[in-house]
Every structure is written in structure tokens, then in C-alpha cells.
Number of protein chains: 6
Amino acid sequence: MIGVVQKNSKRVDAHIREAFAAHGSATVHEAMGRINLMLPYLRPIFSGSSVSGCAVTVLLQPGDNWMLHVAAEQIQPGDIVVAAVTSPCTDGYFGDLLATSFKARGAQALIIDAGVRDIKTLSEMPFPVWSKAISSRGTVKATLGSVNVPIVCAGVAINAGDIIVADDDGVAVVPAALAATVLAAAEKRTSLEASKRATLATGVLGLDMYNMREPLAKLGLRYLEEQT
Amino acid sequence: MIGVVQKNSKRVDAHIREAFAAHGSATVHEAMGRINLMLPYLRPIFSGSSVSGCAVTVLLQPGDNWMLHVAAEQIQPGDIVVAAVTSPCTDGYFGDLLATSFKARGAQALIIDAGVRDIKTLSEMPFPVWSKAISSRGTVKATLGSVNVPIVCAGVAINAGDIIVADDDGVAVVPAALAATVLAAAEKRTSLEASKRATLATGVLGLDMYNMREPLAKLGLRYLEEQT
Amino acid sequence: MIGVVQKNSKRVDAHIREAFAAHGSATVHEAMGRINLMLPYLRPIFSGSSVSGCAVTVLLQPGDNWMLHVAAEQIQPGDIVVAAVTSPCTDGYFGDLLATSFKARGAQALIIDAGVRDIKTLSEMPFPVWSKAISSRGTVKATLGSVNVPIVCAGVAINAGDIIVADDDGVAVVPAALAATVLAAAEKRTSLEASKRATLATGVLGLDMYNMREPLAKLGLRYLEEQT
Amino acid sequence: MIGVVQKNSKRVDAHIREAFAAHGSATVHEAMGRINLMLPYLRPIFSGSSVSGCAVTVLLQPGDNWMLHVAAEQIQPGDIVVAAVTSPCTDGYFGDLLATSFKARGAQALIIDAGVRDIKTLSEMPFPVWSKAISSRGTVKATLGSVNVPIVCAGVAINAGDIIVADDDGVAVVPAALAATVLAAAEKRTSLEASKRATLATGVLGLDMYNMREPLAKLGLRYLEEQT
Amino acid sequence: MIGVVQKNSKRVDAHIREAFAAHGSATVHEAMGRINLMLPYLRPIFSGSSVSGCAVTVLLQPGDNWMLHVAAEQIQPGDIVVAAVTSPCTDGYFGDLLATSFKARGAQALIIDAGVRDIKTLSEMPFPVWSKAISSRGTVKATLGSVNVPIVCAGVAINAGDIIVADDDGVAVVPAALAATVLAAAEKRTSLEASKRATLATGVLGLDMYNMREPLAKLGLRYLEEQT
Amino acid sequence: MIGVVQKNSKRVDAHIREAFAAHGSATVHEAMGRINLMLPYLRPIFSGSSVSGCAVTVLLQPGDNWMLHVAAEQIQPGDIVVAAVTSPCTDGYFGDLLATSFKARGAQALIIDAGVRDIKTLSEMPFPVWSKAISSRGTVKATLGSVNVPIVCAGVAINAGDIIVADDDGVAVVPAALAATVLAAAEKRTSLEASKRATLATGVLGLDMYNMREPLAKLGLRYLEEQT
């Protein structure tokens, strides 16, 4: 699995992969049964971005960003690069030069289980990044990793071509084969939430809207009167 | 203590509980003798909020947000919900639907020793939250906790009705019985700080303003001349 | 080393120390051979600041900010105060009063391996701070530390008068004796990056611009054709 | 709450407080409804100890162990000293001299949300300690804390006289007023476990012993046949 | 993927899966190209164990150990249970009762990305466990997870039937399909190490044994004479 | 500072450097004024070792242990190798082969701000190591670092030839130039502690032995009578 670049032209249809962003990482991960969510230490370097697209996966070595250059050639418009490191590292693997290159190739965003730098410039471009750290610390180009092999990034297993959904709340991963099914489930959740929100805004309680009082009572929830 | 909802209509007088926000968490915690400050890993999900109000306390189970729905019914206008988990958890217990419900009931803010989601919507409402994490990860509704029982949130013991003071610097807790006393002490500190600030702005040193030179010398502080 | 204030009037020439800010912490740390970068847990309390200046070093005791008052007297215009604690601590050692005093003495910024408070006021002044934590928690004035002695702050050894370069990416330290050499190297790197950025923006790959294909092949990188 | 020593001669009856150790922290915390367990970062400095006794509580300042000396005078035979710090700290507050003193006064153990040192000697005495850290770092005696006031240690609220149950699994706290009730519940759990253990040892599954198959099926658990 | 138990009778041949333990996690992970090693926060609860066997995978919900009971039925002699949680959790999912059951079914060990309890009894049995935490904190049985589905445990993707190699240094995972190949590579490494060790023990330097002097010189390593 | 090996034959006299071990890291760091103690995350891989000796310093790159081989040649009998990494890393830089080589050269121990492996063998040799992590994860030999340059290890600045004092409590560093002075101060502390221990063992309180009652009263410590 080390030292390999898998060329991969398979991409989920554009209208499907692009539709996920509107639902957001929380709704999409719920639609999958509350799985496939990256660990919450991954944070956006600036707020307000919401993206979805197919993954170009990268396996990096600690303190070595060589494979990000190799990955650039595999990017197709709309892709999101997802990079893991073979060992925990906070170095600044990615900055404005690589961002310029990735953007020129059509990449939408980077998800990286390590550090990035040139935050100010990336925010101005803007080129959204979800990372574990922000660090000026530079890297070398000395050891092989891989591109488009299966990786684990921030606790989730990802294959090249899987769909990434990232926003201010986090990063969810949808296996390519389940894309249409999950999208349908996400759409259903989103449409249901609008009416719930309207009801709750009137002061109706979730206790009543979701009929929770009976199951709570069955489990033994007791209400104690005010202390006087 | 599990499976109980204490109805609690006792609230510190509005003019007292509302007056704390103007002083801020740092001044209020100093006024109590530098205690009752939540651990600094609790951070606001957006900056610039400053609130004070009475606590509705919630004890949650890991990965289970059921009791937040139960707590909603106990909220009175101006309240701040304070939620602890029986075991460390970063899941996203709270999002825009619950925020809509809490806001409709009059809640000012949420303090939660866990994660929240729908950050973008919460920022737009705005509904201020101080949390340990931001996470899309959803929760279930399967296990009882409690409402308005004594809890420990981020290192501080809190009872229902205690006053919460939260801003960009952190979250302080004032026991209800001490509210008036602590407020008076906070007001005194705030008024003293204005004149100190003016003096320091002229270039006068704290060393002189606070008469520190003598005690420092007594302890043996030595000044070494410039190396040439 | 405890209980000492070293008076120190040596400062690197203003035109040199001020020139570093334009290059940023990432470029400067690369120019030194990728060393002397503080650990990335130090973060700016607000984004967008970029400073460079000579260090006034401070060694603090846990929960005790007395030496910051002693340090204020040693500040010269343009200086950056760099504070370490003898044991890990997240307390709020520094707030708006000390910031007013430091600013009146001409300090540009504070780098502190501990916590700060009054974030809102510091952001409005503005007085930039890079810190390990934000915390309302106050400190005492009871135990001696030192000023302008050698310290280790966030993993880097620093002497009074060394140059600090801090921005959104982190904090780099340039030993005073190397200032001119490192500045020249940083300037060279900055000028080279502009042309690289222009080339990459056209879609040229780093693989080609840096002639990486041959060394990658020598190490055995294999390209696998698309799976069909 | 700062600067106070509450003399406290109330101790739960010896036969009750001593009986808890046989059940262990896990059983006791279950007997309370799975609450009042200290956070698992507290670890014993050596393995194999199992103690229960009444708490002498101590509130310490960061980097300052003065109140441990004050607490020594309040120790009665069989007591367990429980120490919290007003702000997170890993310093070595306690070593062989204090252990000698505590032991001479009859203390059984120390629970401390900070660091300790002289590990080798403490292990040889033996004087069991559950701590957050091991650190040579010494402390000063400069600032007041309190003894026998309510504290929060490692996430649990404790009053002087509460019962501490500590072993290799962790540290549980039983409020003094609930001691007899919780002990009875713990004894019941312990006696039930013996027969369960015997059954499981024969190869009977928990699925059958606890009648889990039906509720699992109701929730929809599906068994997929072997892949061939 | 939630709510599924995959029956799985495929096991790598006993003579292969058992042979890995002799080589250890370090050698095996090197033999795979330095990948598939679990993150080092997983630690054995007692030292000195060295095991290898086929994985029964379990996906648990936070604070809920129900699926460990379901997994027990799927254990075959020599298996190693590997459990992940859908969200980070340190609760004590596993204790002496489950260990008795697992052992009766023939399990060798447990690898769990969460907490365990009853450490003393597990050490006496002995039943080796590699875990993220030790915690008395109990769990509920309320929400479905899965058994023998693909999981990510401590940063590594694992399928049911993959080989686990665990010792005092950590936990490595060998995909079932690569078992024979990796074992051969591990054997080769182990045999080479013996002669290297003998050479180094005589005082021969790695610099000479590995012919490192020339490549170091080419990269520019300079030797400075002693300072006098 | 990168790419340099400083040959260094200066060693503090054997009778001085060897005498430190008897006093231990806690006493030695107190004798220096409570400074120069490495951060407590460095822990011994097995307990019971107590060493002192002169430092051979090593600066490593992330995931690259090449310089440990270079350092081996610079070891003199009784030395302690102290290794820092230019960026945080938990990889297993050191195992039984390097330990065999270091031991053959006369090294007493390794202090490393990273991970090590082959724990079982190192414990059997025994070759004591204080490290940040235990990890099977291997390293490469691709990038230059340095030997015997000034480094920062676990928060302390160290020069080649400085004295390291390490035991179960932690790791202290004594600058070579201060060796005799610090040793004398440590001896004084050690001899004083014996009589204090004897006094405390009789039940005399530190409050009385150290005459603390008066200063405590002056600061306002109040004793509250027992609650009845």
C-alpha cells in the first residue's frame, strides 16, 4: 500500500455529489445511521464553508508532504483531497503554494489529519481546509506514501471516490456505492426538520411533539414539586 | 439523583442576576476569591456574547440528549441551561432544533460539557453556547438522566438557580445565596479598575502604582546591570 | 536564575527586526533550517496580526503573574514580551490592565505559554497575544521569577533580545546574532515563492516544476491504471 | 471558602466505611446509579491497593502545597485525604515527608487532582496515592486554601466526611448520608456477581443468561449468514 | 452497518495466525511497510503478554456495551475481540464477568478503543486487554451496534478475520489475505536481527554496519572538532 | 544547527556526575531553585531505575532516527543520550538493536521526547529509558539532524555535557558549569530531610516543625469549630 498511485477516474455523478453540501455533515451522518463522521478535532481553518465532492486520498509520512504534489496530478474538478499521515503529526504540510496548485487543478478543499500553514492567504483565496492543527512547521520530500489507496483519516476509513461532506460542524464520509441512497435519506431528514423547527418555535415542547412523556414515565422519570 | 426532575421556581431577582453580565466572568470569579470558574476547555462557539442568568441544570448520559428535551419545559425567561454528562463525551447533543425550542421558552444560552452542532445556524440566530467540542455526531434518546439536580460541569459544582456569568473569557458560577454579596464585590472591583487603567495608560508602572518594589526587594529580587 | 532582572539595552537594529514581519513565521523558520518554531498549541487570541520585534523574556511561577509587572519596566518601544511558566499552567496571567501598561511602554505583543483574559478588550485595543489558553482564572503576586534570563517557551529556547516573528501560523524565534543572516535567507525565499505561485496557478504541477518525477520513480513509486 | 479550616469530627461508623473496600469502586459506583466516579485520569501510583475511608478535603492553590500541612492536623485514623487544586496543575505536591506525617496521623491514602513525587519511597512504605501526574516539581507555601470545605476533585463534588472507595479501577465517592444505603446495594450486587460468574464460566452466554435475544431482535438486530 | 451480526467462520490457518506472536507488533508492522499499527494510546492493562489471533470485530455505541455480549457468541477458540466505539468514550465496557465469558468461549484477548475495569481480576486470570483507559464507569445495554462488520479501531481499519498481533509495544493488524506473505517477511526480519544484534554488541557501530557514513556525508553532515 | 556533529570530550568529573543519582530528580531540581525539570509526560518505561550522567544530545527529525546511529559514536562510558525531535512525534525511534549498540558503547540510559519500542527486551537487559510514548511504529533514515548541539527536550534547554538526573519521579538537568554547586546544595537538602522524616514519623506536625501557624494566622486562616 506504500509507494502506489492508483489512477482513478470513477466519480459519483456531479448532481449527486454536489447535492450533499446543502444538507451538511450532521444530517448526512445521521442519514447513514450515525456513523462515518471524522473525529471532532478536525476543524475548519476559517468558518462558513460548506462543501461536498469526491475524495482523492493521500497517505503521507510524518513530516513529509511529497505525496501532496503527487496527488495534485490526480485531482479532477470538484474533488476534495483527503490526507492521512502514517503516524500522528501536526506539521504544516500544506500552504499557499500547494493551495494554488490544487485550486488550479479544480480541487474544492483539503481535509488533512495534520497541520497546515499560510492560514491568512488560504482564507483570502479562499481555499477551505479542515485540519488537526495550524503550524508553520515545514516538511521534507524524502519518503514515499501513496495516492488513492484506502486510508483512515481522523477515525474514518475512506476510499478514493467516496463522497466528503464538510462544514462548520465537521466532516462526514459517504461510501461511493451508497451515495444515492444516503442522499435520499438526507433529503428526507432535511425536509422533516423544517416543519419541526416551525413547531418548536411556537413554544411547543419536544416532549409533546415527539411523544416522549410516556416512555420517560415508563422508565421511571419522577417530577419533584418545588421546594418551598 | 438519576431519573429526577426537580421543579424549581426560585430565581434570584432579575435586577441582580442580569447585573452580573456587565462585570464579566473574570471580575466575578475574582470577587468570589478566585474560585467557581469552569475549566478553560469550555469555549464559546462564537465570540462577543456576554450573558448572566439562573441555571437550569441537566445531567446527561453519554451519547444521549433526552434530558435536554425534558429540561426545556423547566426553562423560564432569562435562564441559562447548564448541562453535564455522567462520563466525558464530545457528541453533538444540541443543534438548531433544540436551540429553537430553548429560545422559544426564553433561554438565553447553553453551557454544555460536551459537543454541539449546527454552529452556523446557532451563530445566525444568535443562540450563544459555551461547549467542550463542536461535533456533528448525533445522540440517542434511551437512558434517563436528571434535571435541576446538583451537577459538576467543567470542574465546578452547580445547583439549579445558581447564577452563570459567561463571556469570551470563560464561565463563572455564583451560588444563589451569595448573589447579592458577590455582585457588590464585583461592582467594587469594576469601579476600581477604571482608575487603574487610566493611570497605567499614562506609563506609570504597576511596580509603583501597587507599591511592589519594596516587597520584591525583601524577597531578594536583584537587578543586574546591562551587559556590555 | 530565579529572582533576577537582567537590564538589557541591546536590541537588534530596528530596520532588521521590523523587516521580519513581512516574511512571516513559516518562511523565517524555514530560513533557519526548519528549527526554532514554538509548538503549535500557542494560538493568537484574534486573527490577522503579524508582528516582529525583540524579546523581553519573563519566567513566571504557576498561578503568579508578579514578574509581568516587573517586566513592564524593561520594555522598550517595539519589544515583544515572551513569558514562560516554571510548570504548565493555563491561568489568565494577563488582561486589559497589564495590556494597557505594556502598550504605554511601547510593547507590540505578548507571547505567553499560559492563559490570558479580557479577550474582548485586547481585541479592541488591539493588543495581539499568542497564548496556550484563554482563562478568566486570576493569579497572585507572591513568588519571585525572573526577567530577561534565558527561558524555554513552548518548546523553544529564547534569550532576551532574540527576535520574535508571530502571525496566524505561529511563532518563530531568531537568535539575535543570526538576525541579519536569517533575514537575508528569508528575503530570498519570499522572492522565489512569488514566481512559483504564478507558475502553479497556470496548472503546471509541482511534480514538473520541481523535477520530482525522476526521484520518485527511483524510489519505486508505481502508477496503477484505472480500475474498470 | 478560601482561608478556612473546618474542624470536622463526624465520621461514618468504622464498620460501614471499612466495608466498602471489599466491593471496589466499580461496584460501589454502580450501586449509586453509575454516578460519583472520579475521572479516569486519576491513577494509582502503584497497583494492588484497595481502600475505603472518610474524606478530609483540601483545596490547594496552583504550585502551593501549604494546605496539605494544615490538613495533616485534621486527619483521624482511617481517613483518606482528598485534594483538589483551584486551577489545573501537575506539580509534585506530596512526597515522602508528607506521607510520613500523614501516615503517623493515621491516614490510609491520598487522592489528589495534581502530581506527587518520591514514588519509589511511597511504594515501599507503602502509602497509596491516586494522582493525575507524577512529577518531581516542587511547590511553595505562600497562599491560603482551605480544609474540609466542599471541593470538586477530578469531576466529583465531595464534602468532608464522604466515603472514598479507591482501587486499581478508579475512585468513587459515597455521600456520607447515603453510606448505609449504598453499602447494602453494593453488597447485593457483589453477591449476585458470584453466581453470574460461575454460570458464564461454563460457557453459557450473557445473551441467554440475561435474556437479551428478544429485546435485541425487537430493536432489529439481524444475523447474516456466513459468506462463502 | 448498524444492527448487523455477520457470522463468520473464516479463520486464517492456526499455524499461521499463531506464528505471528513470536515476531511481535514492531516487526510485523515493519514487515507490512510500516503501516497498520494502532495508535500508541492503546496500552496493555498488564505487561508481558504477547498474542496473535483472528479478529472478531465489534462496533459499540458510547456508554453501551451490549454488543460485547452479542459478540461473545461469535468467538472461536484463539480469537481476539477488537472493539471500537462510534464516538470517543473512556467508560469501562468490560470487566471480569465478560472476561469469564470470553475466556470460556476461547478468546485470547480483547483490544478495545475505550475503557475497561476489574483490572486486578483480569490480571490474575490472566486475560490480557489493550485499552485506551481504565475506568470503573459502567455502561448500559440500550442501543444496537454491530459484530463482524468492518471497523476502525485506534486509527486502523479492520475486518473480521484479520490477524491481530499485540504485545507490550502495541497492536498491529494484518489483513487476512496478506497473512502468509507478511509472516514470511516478518520471519526474515527476525532472523536478520539476531546477527545484527550480535555485531552491535561487540561495539561495532550502526554507522559502519549499515554503511551510513557515505550517505550522511553526501547530505552534508559535518563533524566539528572538540572545543578546547 | 542542523547537519552538525560536535565532538565533545568534556565531561564533568566522574565522582561528581555519579553522585547525583543518590539524591534523585526531586531533590536536585529543588537544589537549583525549582527549575530545569523536564515536563512530567516523560515517564520511565520500567520503574526502579535511578541514574545520573553527562548528556550526549541529539536532534532528530520527525519519524527519522538516523541521528541516533550517529550519536552512538559520540558516547563515552557513563553517558546518557538525550534526544529531542524538531516536531512532536510519538514514533518508536529506539529499540533493542540500538540499545545493544548504546550499551556496548557505555551509555547508561536514554531520555527521548518521542516513542520507543521493544519494551520487554529493554526491561530485561535492563536499559532504562524515559520517553513520551511507547510505540511499535518504525522510523526512516532520510534526513539530517545534529549531535551535541543545544536542544530543548521536554521543556528544558540542554547542552552536551550537562548532567542528567533521572528516576521514577522524572528527569532533571544540571548545567555542567553548576555541577559542583548544585551537588553541594543537594547533599545539604538530603541530609536535612532525614531528621525531618524522623520527627514527622513521631506524629509532630509540619505546622509546628516548620513554625507555620503564625504566618498562616497572619494571612487570615480561620478555624471553624465542629458542626454539631
Identify the single condition in (1) among the small types (Gly, Ala, Ser); (2) away from every other protein chain (no Cβ under 11 Å); (3) more than 24 Å from F:Ser49 (Cβ to Cβ) that F:Gly145 does not satisfy, given that it satisfies every other one.
(2)
Selection from segment F:90-124 of residues assigned to a helix (DSSP H, G or I), under 16 Å from E:Gly203 (Cβ atoms) and of a type in the set (Gly, Ala, Ser) yields F:Ala99, F:Ser101, F:Ala104
Residue ID - nearest to the chain's Cα centre (by Cα), chosen from residues in segment F:189-217 that are acidic (Asp, Glu) and at pLDDT 95 or above
F:Asp208
Neighbours by Cβ (under 6 Å, 6+ apart or cross-chain): first from segment C:194-206, on the phi > 0 side of the Ramachandran plot; second surrounded by 11 or more Cβ atoms within 10 Å (Cβ to Cβ)
C:Gly203/A:Ala104
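One residue is enough: does segment E:86-97 have a residue meeting the conditions among the aliphatic types (A, V, I, L, M) and either surrounded by 24 or more Cβ atoms within 10 Å (Cβ to Cβ) or modelled with pLDDT under 95 (or both)?
No - not one qualifying residue is present in segment E:86-97.
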For F:Glu226, all conditions in the list (1) at the interface with chain D (Cβ under 8 Å from one of its Cβ atoms); (2) touching a Pro at 6+ places or on another chain (Cβ under 9 Å) hold save one; what is the number of the exception?
(2)
Any residue in segment C:125-139 that is within 14 Å of chain B (Cβ to nearest Cβ), assigned to a loop (DSSP other than H, G, I, E, B), open to solvent by 30 Å² or more (accessible area, probe 1.4 Å) and in contact with a Pro (Cβ under 7 Å, 6 or more places away or on another chain)?
no
Hey, any hits in segment C:17-27 for a residue that's open to solvent by less than 10 Å² (accessible area, probe 1.4 Å), in contact with a Pro (Cβ under 8 Å, 6 or more places away or on another chain) and under 14 Å from C:Ile111 (Cα atoms)?
no
Counted residues in segment B:166-186 being closer than 27 Å to C:Ser123 by Cβ and either out of contact with any helix residue (DSSP H, G or I) (no Cβ under 8 Å at 6 or more places or on another chain) or of a type in the set (Gly, Ala, Ser) (or both) come to 6
Residue count, segment A:108-121, condition within 13 Å of chain C (Cβ to nearest Cβ) and buried (at least 24 other Cβ atoms within 10 Å of the Cβ), comes to 6
Sole miss for D:Ser195 among (1) within 10 Å of chain E (Cβ to nearest Cβ); (2) under 19 Å from E:Arg105 (Cα atoms) is condition (1)
Any residue at all in segment B:3-12 that's within 14 Å of chain E (Cβ to nearest Cβ) and either outside any strand (DSSP E or B) or modelled with pLDDT of 95 or more (or both)?
yes
For strands (runs of 3 or more DSSP E) lying entirely in segment A:144-228, having 2 or more residues that are open to solvent by 60 Å² or more (accessible area, probe 1.4 Å) picks out A:222-224
Sort out which residues of segment F:148-187 are touching a Lys or Arg at 6+ places or on another chain (Cβ under 6 Å) and within 14 Å of chain D (Cβ to nearest Cβ), and write them in order of number.
F:Asp168, F:Asp169
Considering only segment D:90-136, state which residues are free of Cβ contacts under 8 Å to residues at least 60 places away in the same chain and of a type in the set (D, E, K, R).
D:Asp91, D:Asp96, D:Lys103, D:Arg105, D:Arg117, D:Asp118, D:Lys120, D:Glu124
Do you know which residues across segment F:169-223 are within 28 Å of D:Val70 (Cβ to Cβ) and either of a type in the set (Ser, Thr, Tyr) or in contact with a Pro (Cβ under 7 Å, 6 or more places away or on another chain) (or both)?
F:Gly170, F:Thr190, F:Ser191, F:Ser195, F:Thr199, F:Thr202, F:Tyr210, F:Tyr223
Being in contact with a helix residue (DSSP H, G or I) (Cβ under 8 Å, 6 or more places away or on another chain) and either assigned to a helix (DSSP H, G or I) or surrounded by fewer than 24 Cβ atoms within 10 Å (Cβ to Cβ) (or both) is the filter here, so list the residues in segment E:55-75 that pass it.
E:Trp66, E:Leu68, E:His69, E:Val70, E:Ala72, E:Glu73, E:Ile75
Has segment B:33-41 got any residue that is assigned to a helix (DSSP H, G or I) and over 20 Å from B:Gln74 (Cβ atoms)?
no
Which numbered condition D:Asp64 misses (of (1) touching a strand residue (DSSP E or B) at 6+ places or on another chain (Cβ under 7 Å); (2) within 14 Å of chain C (Cβ to nearest Cβ); (3) free of Cβ contacts under 8 Å to residues at least 40 places away in the same chain)
(3)
Failed item, numbered, when C:Pro88 is tested on (1) under 24 Å from F:Pro88 (Cβ atoms); (2) away from chain D (no Cβ under 14 Å); (3) not small (Gly, Ala, Ser)
(2)
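The values are calculated or read from the model by the stated rules, or taken from the named source; none is laboratory data. The shown structure was predicted, so the numbers you read here are calculated from the model rather than taken from an experiment. Please note: Cβ atoms are built from the backbone with ideal geometry, for glycine as well, and neighbour counts cover all protein chains shown. Quick note on the areas: whole protein, heavy atoms, side chains included, nothing else; ligands and nucleic acids left out. Shrake-Rupley method; radii C 1.70, N 1.55, O 1.52, S 1.80 Å.
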